[in-house]
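Below you'll find the structure, written out as C-alpha cells, and then a few comments.
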Amino acid sequence: MTDLQPALVVSDTHLGALPADRTARFHRWLEAVPDISDHLVINGDLFDFWYEYGSVIPRGHTRTLGRLADLVDAGVRVDFVGGNHDWWAGSFLADEIGVRVHREPVVLELAGHRCLVAHGDGLGRGDLGYKLLQTVLRGRITRFLFRWLHPDVGAVIADKVSRTHLQEDRTWRPDQERVEILAGWARDRLLEDESLDLVLLGHVHAPELREIAPGRWYGNSGDWIHHGSWIELAPGAAPVLGTHPAFSGRSDPGTGS
C-alpha cells in the first residue's frame with residue numbers, strides 16, 4: 001500500500017490565444033485537480049505569451065493565476081517548466097502564486113516515478129534556425145532590452161511572432177518530423193540513464209505514450225488547442241493519457257484512457 005497520489009502533467013494550453021470556451025474548460029479542469037492529485041506539472045506554454053516586468057503582470061490571466069494560487073493553497077504542488085512561449089516566467093509565479101519554476105529540463109519524482117521533464121523546444125537534431133533564435137531571445141541582453149519596452153509594445157510584438165492562431169485551421173497537423181525527433185531524443189535519454197522511468201515532453205501538440213523499454217515510457221502531454229489532453233501517473237502503474245470530454249468524449253482527470 002502507498003499513500004502516494006497520482007500526478008498530472010499538462011502542457012501547451014496557450015492561454016491568451018485559446019477561444020474563451022476552451023479556456024473555461026481548462027479552468028474547470030484545474031478546479032478538479034485537488035480531488036485527484038497533489039502534484040501538477042505544467043510542462044511549458046501555459047500562456048501564449050508571458051513576460052514578467054519588474055512591476056507589471058500581463059493582462060488577461062487573472063482567473064488562471066487565481067486558480068493556480070488556489071491549487072497551491074489546497075496543498076497541491078505545482079511545478080512549471082518554461083516553454084518557448086513562457087520561458088520568461090519567474091519571481092511572480094514563484095513568490096506570489098507559489099509555483100515552482102524551472103527554466104531548464106528537470107528530473108522530478110512523480111507518483112513514485114523518476115521523470116525527466118522538458119518542454120521540448122530546441123531538443124534533438126535539426127531546427128538550427130530556431131536554436132539560434134532561442135539563444136538570442138533567452139540571452140541577458142535581449143531580456144534586459146525587452147524589459148524596457150512598454151508592456152503594450154511587448155505584447156504586440158509577441159502576438160505578431162506567435163503562430164498559435166494558425167493552428168485554428170482545421171487542416172493543421174503536427175510536424176511529424178519534429179514529433180519523431182522528440183521521441184528519438186526521449187528514447188536516447190531513457191537508454192542513457194537507466195534510473196529514469198519516464199521522459200515527459202510537450203511542444204509538438206501531439207499527445208502520445210510509447211513504451212521504450214519494459215515499464216519505461218516516453219510521454220507527450222499534447223495540447224489544449226486540438227486535444228485537451230494530459231498525462232496521469234499513478235503509483236506502480238503505467239502512465240495514462242487523458243482527454244477532456246469536449247474533445248473526444250472523455251471525462252475528468254483520473255478516469256483513465
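The values are calculated or read from the model by the stated rules, or taken from the named source; none is laboratory data. What you see is a predicted model, and the numbers here were worked out from it, not measured in a lab. Here the Cβ is made from the backbone with ideal geometry for all residues, glycine too, and neighbour counts use every protein chain on show.
Here are a few things to note about the model shown:
- Count of segment 188-228 residues which are closer than 30 Å to PRO245 by Cβ and not in a strand (DSSP E or B): 16
- Checked against (1) hydrophobic (A, V, I, L, M, F, W, C); (2) modelled with pLDDT of 90 or more; (3) farther than 14 Å from LEU40 by Cα, ALA89 passes all but a single condition, namely (2).
- Matching residues in segment 34-55 - criterion: being hydrophobic (A, V, I, L, M, F, W, C) and closer than 21 Å to HIS102 by Cα: LEU40, VAL41, ILE42, LEU46, PHE47, PHE49, TRP50
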